[in-house]
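Working notes for the structure below.
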Amino acid sequence: METEPTSPVLPQMRLFVALPVPLGVQEVLSECCGDCPHAGLRWKEPEHYHFTLKFLGAVERNRVEQICSALDGVRVSRFPIEVGEVGSFSKRGSPFVLWAGPIKIHPFFLLLRRRVEEALLRCGFELETRPFRPHVTLAKVGERGAESARQFVKKNREFEPVAMVTERMCLYESRAGRYIEQATWSLPDPWVS
């Protein structure tokens, strides 16, 4: 595990555990977003693209070490992800998030998420009860963005899939619209002894 120095300014941090998206995949997803209408859509910066494994919410700064120790014990080999679907999450028929996701969920993806959940349960975090839908958030949809969101999904429904291999898992702090790595764990390469 590699750690970044934390800022002593705020007593709490908004934390989540995620798999970062590599640069090549960021570029492909960003290109999908670039040609689309922007009215009512707040696009995420490509360097912030990630697959969330566990959202922790507001956490006391002094608990970061405990969280990192628990995640030190999580072991899952690297696995491939083929990103090739886009869609939106909706509330009452109105889209609020545009996302890209895997064509098929690798069993190691589910295993990694389960092990992260179990490790953090021992730290007092509740298990997530919603079904796991791995995705990269591309944009947040504002009040006037429903039509732009529908056009984006329609236009990109069948984009050329792009492959990636998960190499690391990170603990991120969300601060003022930026995601700051607090700790990183390399996932072992299954082909190297």
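Since every read-out is calculated from the coordinates, none of them should be taken as a lab result. The shown structure was predicted, so the numbers you read here are calculated from the model rather than taken from an experiment. Note: ideal-geometry Cβ built from the backbone for every residue, glycine included; neighbour counts use all protein chains shown.
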| task | Compute the label zone of Arg178 within the range 31-70: residues whose backbone N is under 16 Å from the point 7 Å along Cα-to-Cβ. | result | 45-49
| query | When the Karplus curve 6.51 cos²θ - 1.76 cosθ + 1.60 is applied with θ = phi - 60°, which whole-Hz ³J(HN,Hα) does each residue of the range 93-106 get, with x for Gly and Pro? | reply | x, 10, x, 10, 9, 9, 9, 10, x, x, 5, 9, 8, 5
| query | Given 37 °C and 0.692 mPa s, how large is the Stokes-Einstein diffusion coefficient of the range 154-193 in µm²/s, with Rh as the Kirkwood radius over Cα pairs? | reply | 243 µm²/s
| request: Return one number: the angle in degrees, 0 to 90 and rounded to the nearest 10, between the long axis of the Cα atoms of helix 23-34 and the longest principal axis of the Cα atoms of the chain. | output: 30 degrees
| Convex hull (Cα only) mean projected area of the chain, reported in nm² to one decimal | 11.7 nm²
| request: For each of Thr166, Thr137, Thr129, count neighbouring Cβ atoms within 10 Å of the residue's Cβ, then give the residues from fewest to most. | output: Thr129, Thr137, Thr166
| query | For Ile103 and Arg150, what is the calculated FRET efficiency with R₀ set at 25 Å and r taken between the beta-carbons, to the nearest 0.05? | reply | 0.70
| note | Under the 7 Å Cα-to-Cβ spin-label approximation, Arg92 and Glu128 lie apart by a distance in nanometres of 2.6 nm
| request: List, in order, the whole-Hz ³J(HN,Hα) value for each residue of the range 131-144 obtained from phi through the Karplus relation with A = 6.51, B = -1.76, C = 1.60 and θ = phi - 60°; use x for Gly and Pro. | output: x, 7, 10, x, 6, 10, 6, 9, 7, 9, 9, x, 3, 9
| Where N is the number of residues in the range 21-106, Cα Rg divided by 2.2 N^0.38 Å | 1.37
